[in-house]
Amino acid sequence: MEASVILPILKKKLAFLSGGKDRRSGLILTIPLCLEQTNMDELSVTLDYLLSIPSEKCKARGFTVIVDGRKSQWNVVKTVVLMLQNVVPAEVSLVCVVKPDEFWDKKVTHFCFWKEKDRLGFEVILVSANKLTRYIEPCQLTEDFGGSLTYDHMDWLNKRLVFEKFTKESTSLLDELALINNGSDKGNQQEKERSVDLNFLPSVDPETVLQTGHELLSELQQRRFNGSDGGVSWSPMDDELLAQPQVMKLLDSLREQYTRYQEVCRLRSKRTQLEEIQQKVMQVVNWLEGPGSEQLRAQWGIGDSIRASQALQQKHEEIESQHSEWFAVYVELNQQIAALLNAGDEEDLVELKSLQQQLSDVCYRQASQLEFRQNLLQAALEFHGVAQDLSQQLDGLLGMLCVDVAPADGASIQQTLKLLEEKLKSVDVGLQGLREKGQGLLDQISNQASWAYGKDVTIENKENVDHIQGVMEDMQLRKQRCEDMVDVRRLKMLQMVQLFKCEEDAAQAVEWLSELLDALLKTHIRLGDDAQETKVLLEKHRKFVDVAQSTYDYGRQLLQATVVLCQSLRCTSRSSGDTLPRLNRVWKQFTIASEERVHRLEMAIAFHSNAEKILQDCPEEPEAINDEEQFDEIEAVGKSLLDRLTVPVVYPDGTEQYFGSPSDMASTAEHIRDRMKLVSLKRQQLRHPEMMTTES
């Protein structure tokens, strides 16, 4: 009988085994009667179930039955006691009827049970709840009878359900596993597989049943806890102690059969896995050697431009995407094969290694072909990219050369020439890079025959090679044409630099000449204090004039060079109509001022020389000193010189310019007048000698 069948009856708690024991170690069976009429059939079923739980050894010690009649009538109690004779006559040793206080006729009830003692086969006593401890220890009584023993009927019932469910499921599972395992050990391999196929899955999950059993066993073994509200410690019931070895035995048997079952499943799974691997390996190999190889055979070109190469790359990426799906299958298969090889089953090692080798060879070969194709297309894309950049550079250089040069000055020409040289150098670098890329691409194409997928690619390769060589030759010719044009442009620009330089230097010569003229008029004003100093000044002036003459000649030569360069460049010089007149005008002004300066210095030399002869006391030449004409000449030269100092330099255009400032001229004139006074005084002395004696 199972608790689940009579669960509604058991929930009524018509009787229960609390786990308590009497002084003879017999189990205490409690029948709590209530105010409602007790169904004797249900009570009989409950007693039958409860008495089936203890072991025979435990039953042999007898039962003490406590009939709680405090809430029931005497007739019901009597009926229950009499029923015990039919249900458990041999096991009952004592029946304690707990009576209510002052309700039953003690004499009648006692006499009635006493008369039936021999017929019943067990002793029946009437006792109040507070005196029940005379027969049973308080720690073995539940709280209903003033004891300290904790009992939870629903908890006990739930555990019984779990125990019986586990027992039922484990027993059924053991039978199924034994059938599967025994069937796998009989007959040949085909019969084994057929037997396993028919009973491959048990009706319940072995893991779940094992977990339930372990949890149940753990709870049975660790059932030591304190009752609620500070109750005393409670020991396991006999039915729980009895259940432990049963659960342990079932668990041991389950583990043994489950281990064998797992091995059977493992072998079957391994065989199935091996067959699946073989099938997948052949799928991968057949696709890679079939459609995959055909896709690569159809792709041989490299394109004739960046856009064409990019289109081929995109197509190749689509092919790679399709291959990547099969390569992913390859990786998964390789891992599965490696796992099976690590399992160490010698009977499958040779077959697995053969599959692995075949799969790896095909996949690696196909991956190498894909990588080679990708590298070739990448190299072609880089080649066309460099060719396009070089073409753009050549177009830019050619455009620069086709535009006529009209710079504003020599610096802009130098900048343009520098830019031109940089562009030409960049073209050289680009052409060298194109050659390197092209040679690398040609080398790759020459190696293509080694993986031609069984196809003759000589014709296709020749087209690619001709295209690459044609691009490089075309770029070389364009670069050569640009170099020739750059040489012509460079010569023209250098001539223009010379032209601007000559014009700038000619203008500078005019400036220098103007500065010399300005210096002549402003600083070359002294006439000297004596003849010797004046001669020195005249010599310096002549050297100064030589410098000016050299500057003028230099400017003339530069202007002549600009004319020649303009004729060569077929252009007009900006300074040809301006610089030369300016140069001639300044030189004319300088010549006039210089001649005036020479005249003044020469007059000053004559004046000072004659004056010095007169003023020197030379007795050996008295006739010369006494010559009146000399005095007149000195006076005339001095006056002429003084007059000349006041006269400005008049240029051809009518403009006038004085030497130095008025104060400078006044100082010079004053010095001449002083010398003239001395000469005049000397003349008087010679006329009147007595004046010299008087003065002496």
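Just a few scattered comments:
- Charge sum, other residues only, whose C-beta stays under 11 Å from E2's C-beta, Lys/Arg counted +1 and Asp/Glu -1: +2
- Nitroxide proxy distance, nm - points 7 Å out along Cα→Cβ at R255 and C402: 9.5 nm
- Rolling a 1.4 Å probe over the heavy atoms of the protein chains gives region 524-687 an accessible area of 56 Å² per residue.
- Carbon-plus-sulfur accessible fraction, region 307-348 (probe radius 1.4 Å, protein heavy atoms only): 44%.
- Which of A411, H316, C363, positive extreme of dipole for region 302-491 (C-beta unit charges): A411
- Under-5 Å amide H pairs with I66, H placed in peptide plane, nonlocal only: L29, T30, I31, C96
- Efficiency of FRET from Cβ geometry, E421 and A308, R₀ 51 Å, rounded to 0.05: 0.90
- Sequence-distant lysines (8 or more away, or on other chains) whose Cα lies within less than 19 Å of K270: K192, K280, K353
- The modelled label-to-label distance for the pair M665/R134, using points 7 Å beyond Cα in the direction of Cβ, is 17.2 nm.
- Net charge dipole size for region 282-346 [Lys, Arg +1 and Asp, Glu -1 on Cβ; Debye, nearest 20]: 340 debye
- Karplus-derived 3J(HN,Hα) values for region 310-322, using 6.51 cos²θ - 1.76 cosθ + 1.60 with θ = phi - 60°, are 5, 4, 5, 5, 4, 4, 5, 5, 5, 5, 4, 4, 5 Hz; glycine and proline are entered as x.
- Straight-distance crosslink candidates among lysines, where the alpha carbon sits under 18 Å from K522 and sequence neighbours closer than 8 are dropped: K540, K543, K588
- For region 514-531, the Karplus equation 6.51 cos²θ - 1.76 cosθ + 1.60, evaluated at θ = phi - 60°, returns couplings of 5, 5, 5, 4, 5, 5, 4, 6, 9, 10, 8, 10, 5, 10, x, 8, 8, 5 Hz by residue, with Gly and Pro reported as x.
- Using θ = phi - 60° and Karplus 6.51 cos²θ - 1.76 cosθ + 1.60, couplings along region 30-39 (whole Hz; Gly, Pro as x): 10, 10, x, 7, 10, 5, 6, 5, 7, 7
- Built amide H within the under 5 Å cut-off of L141, gap 5+: S148, L149
- Over region 524-687, relative contact order from alpha-carbon pairs under 8 Å, at least 6 apart, %: 30 percent
- Of V81, I66, P54, farthest towards positive along the dipole that unit charges on Lys, Arg, Asp, Glu beta carbons give region 53-95: I66
- Probe 1.4 Å, all protein chains present, accessible-area order of R490, R600, largest first: R490, R600
- The stretch between A339 and S93, if pulled fully straight at 0.36 nm per residue, gains 81.7 nm over its current Cα-Cα span.
- Each label point was placed 7 Å from the Cα along the Cα-to-Cβ direction; for E463 and A367 their separation is 3.2 nm.
- Once the Cβ-Cβ distance of D530 and S568 is raised to the sixth power relative to R0 = 56 Å, the FRET efficiency obtained is 0.45.
- Cut-off 13 Å between beta-carbons: net charge of the residues surrounding L355, Lys and Arg +1, Asp and Glu -1: -3
- This model, with +1 at the C-beta of Lys and Arg and -1 at the C-beta of Asp and Glu, gives region 302-491 a dipole about its Cα centre of some 960 debye.
- Scanning residues 5 or more positions from G20 or on other chains, those with amide H under 5 Å from its amide H are I28, with H placed 1.01 Å from N in the peptide plane.
- Counting only lysines at least 8 places from K165 when in the same chain, those with an alpha carbon closer than 28 Å to its own are K11, K12, K13, K21, K57, K59, K249.
- Heavy-atom accessible area per residue - region 302-491, 1.4 Å, Å²: 54 Å²
- With a Förster radius of 60 Å applied to the C-beta separation of Q322 and S55, the computed FRET efficiency comes to 0.25.
The values are calculated or read from the model by the stated rules, or taken from the named source; none is laboratory data. Just so it is clear, the model here is predicted, and its values are computed rather than measured. Reconstructed Cβ throughout: ideal geometry from the backbone, glycine too, with neighbour counts over all protein chains shown. Calculation scope for accessible area: heavy atoms of the full protein, side chains included, ligands and nucleic acids excluded. Shrake-Rupley method; radii C 1.70, N 1.55, O 1.52, S 1.80 Å.
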